[in-house]
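Report on the structure given below.
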Amino acid sequence: KKCPRISSCDRIRKSEAPAAMLFALPLELPSPMVLQRLCLFVLLPLTGHVSGLDEQCKDPLFETHWYGKVGYATRLGGHIQEMNSISTVKTGLTLCPQYNGKASCCSEEFEREQQIYYDYFRNDIFPSKLQRISVHEQSVRDVMNTAGYTAAMQVEREQLELALERFNPVLHPSVNGECFRTLLTYAAGMSCFACRSDWFAYVTQESGQVLRVHVHPSVCMELWSECEVFGEAAANLKQALLDSALAKQAKKQVEDLDMFEDQQSLCGWLHDSVALHPFRKPSEAEREAARRGGGGGEDDEEEELGRRLKQDRNETERRRLQQDEPQEGEVGEDGFAVHRGEIDVLLEGRLSAFDRSWQGAHSSAKPGSANARWLARWAVLALACLAASPCSASAGRLERGAERTDRRQPLAAARATG
């Protein structure tokens, strides 16, 4: 019995209502649109998990080496090595061995790209800064051959000589060595950052671009600890150049060293130039400066031996750090939880197998360079002091004073007894 109106259904007895309502419903299949929406509702949660896996190796800092980058398969001149499509466990990583046995985005083939871009920092970008300082020093020295220097007053000449002396500690390996070795460690750590599948926990993003890498505060403190002496030498050089009117006549541009002024400046400069651009190519000016300083003139066998010894020390240090490294979820010695969203870039660099030895500005090993002239100048001054009359006169006066003292002692004793 059909119910054309709702009011008629009220007349049906309660016992007959289920059977009546069953026959009242039409037995029709859902429309195709309804089926499509139902499938999307079921499959959307699954695609979310797949998308999460796909994003693990899609760090925007290394976007040029994403797996399946459009257009790279037909790239002329050879196909670049790419990161893993998803995080994969590898056991043959040599440059970043701390990720062996862990799910990471690095592979043995991708390590070739890591080595190429790290060598840019080690051979071109960082050395070119010291090389440009050396070129500027020579330009300042050339001012001494100008008519302006001949007509200058004695005070102005002394200011120029002081400025030239201030170049020596900046270019000396004993002053810049530890600082630039730490900069290389920073670059090595950021290169190994490409292996992290949880990279998104250590960065701030906006519109698919990384705005900031969350670096542990201890990294900045250690950087400044290793670069403070070099920063002081750079500040003294800058002030001496500002005080000298003749030094301003140099034809070459002054190299910017303001990033070594304090801890905040150094950490910010490294973050912007290295952390945000770990796969950066050197500019043409940096390449030219590095080539100009090439061929340090050192013995190749001795240099290779020293490099091997440093690599052995790095390997020993890496193994020690691996043994002492806190595990996931533990609290490190500094009181911070491991993987709290701030990465220790220097620790990552020390755990790596990149060659972090620093050979300094190539010009520092050349005969007649700033450092060689510095040492020669001090040797000449020492010899001159020994042979010059003021030094001899001073020594004579000291000897005569001692003789007078010896003569006065018996006289004083005699007066005392008398």
Each label sits 7 Å from Cα toward the beta-carbon; between residue 174 and residue 102 the label points are separated, in nm, by 4.0 nm
In what sequence, largest accessible area first, do 89, 213 appear using a 1.4 Å probe? 89, 213
If I model a spin label as a point 7 Å beyond the Cα along the Cα-Cβ vector, how far apart are those points for residue 288 and residue 94 in nm? 3.6 nm
Size of electric dipole in segment 130-203: Cβ of Lys, Arg +1 and of Asp, Glu -1, about Cα centre, debye, nearest 20: 260 debye
Length gain on complete extension for the stretch residue 281 to residue 263, per 0.36 nm per residue less the alpha carbon to alpha carbon distance? 3.9 nm
Skipping prolines and chain starts, which residues have an amide H placed within reach, meaning under 5 Å, of the one on residue 358, given they are 5 or more residues away or on another chain? none
Taking the Cβ-Cβ separation of residue 212 and residue 355 as r and a Förster radius of 35 Å, what is the calculated FRET efficiency to the nearest 0.05? 0.75
Report, by chain and number, residues whose modeled amide H sits under 5 Å from the one on residue 212, excluding near sequence neighbours (fewer than 5 apart, same chain). 204
Just to verify a number: what accessible area does residue 109 come out at with the full protein assembly present, 1.4 Å probe, Å² rounded to tens? 100 Å²
How much accessible area per residue does segment 76-165 have, counting only protein heavy atoms and a probe of 1.4 Å, in square angstrom? 45 Å²
Could you derive backbone 3J(HN,Hα) for segment 187-203 from the dihedral phi with the Karplus parameters 6.51, -1.76 and 1.60 (θ = phi - 60°), listing whole Hz in sequence and x where the residue is Gly or Pro? 5, 5, x, 6, 5, 6, 4, 5, 6, 6, 7, 9, 4, 5, 7, 10, 9
Would you kindly state how much longer the chain becomes between residue 157 and residue 55 on full extension, computed as 0.36 nm times their sequence separation minus their alpha carbon distance, in nm to one decimal? 30.5 nm
Placing +1 at every Lys and Arg Cβ and -1 at every Asp and Glu Cβ, with all other atoms neutral, what dipole size does segment 78-160 have around its Cα centre, in debye to the nearest 20? 160 debye
Starting from the residue with the highest accessible area, list 243, 124 in decreasing order, probe 1.4 Å. 243, 124
Equivalent ellipsoid dimensions for segment 119-274 as semi-axes, Å, which come from the Cα gyration tensor, largest first: 38, 14, 13
Provide the solvent-accessible area of residue 66, counting protein heavy atoms only and rolling a 1.4 Å probe, rounded to the nearest 10 Å². 50 Å²
Rounded to 0.05, the calculated FRET efficiency for the beta carbons of residue 64 and residue 249 at R₀ = 35 Å is 0.20
Given the Cα-Cα distance of residue 221 and residue 116 and 0.36 nm per residue of separation, how much length would full extension add, in nm? 34.9 nm
List, in order, the whole-Hz ³J(HN,Hα) value for each residue of segment 277-291 obtained from phi through the Karplus relation with A = 6.51, B = -1.76, C = 1.60 and θ = phi - 60°; use x for Gly and Pro. 9, x, 10, 9, 8, x, 6, 5, 5, 5, 5, 5, 5, 5, 5
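Place a +1 charge on the Cβ of each Lys and Arg in segment 209-267 and a -1 charge on the Cβ of each Asp and Glu, then give the dipole magnitude about the Cα centre in debye, rounded to the nearest 20.
Its charge dipole is roughly 360 debye.
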Residue by residue through segment 268-276, the couplings from Karplus 6.51 cos²θ - 1.76 cosθ + 1.60 with θ = phi - 60°, in Hz, x for Gly and Pro, are x, 5, 5, 4, 6, 9, 10, 4, 7
Towards the positive end of the charge dipole of segment 165-256, with charges on Cβ (+1 Lys, Arg; -1 Asp, Glu), say which of 217, 176, 250 has the farthest Cα. 250
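The values are calculated or read from the model by the stated rules, or taken from the named source; none is laboratory data. No experiment lies behind these values; they were computed from the predicted model shown. Cβ sites come from the backbone with ideal geometry, for glycine too, and all protein chains shown count toward neighbours. Heavy atoms of the whole protein, side chains included, go into the accessibility calculation; ligands, DNA and RNA do not. Shrake-Rupley method; radii C 1.70, N 1.55, O 1.52, S 1.80 Å.
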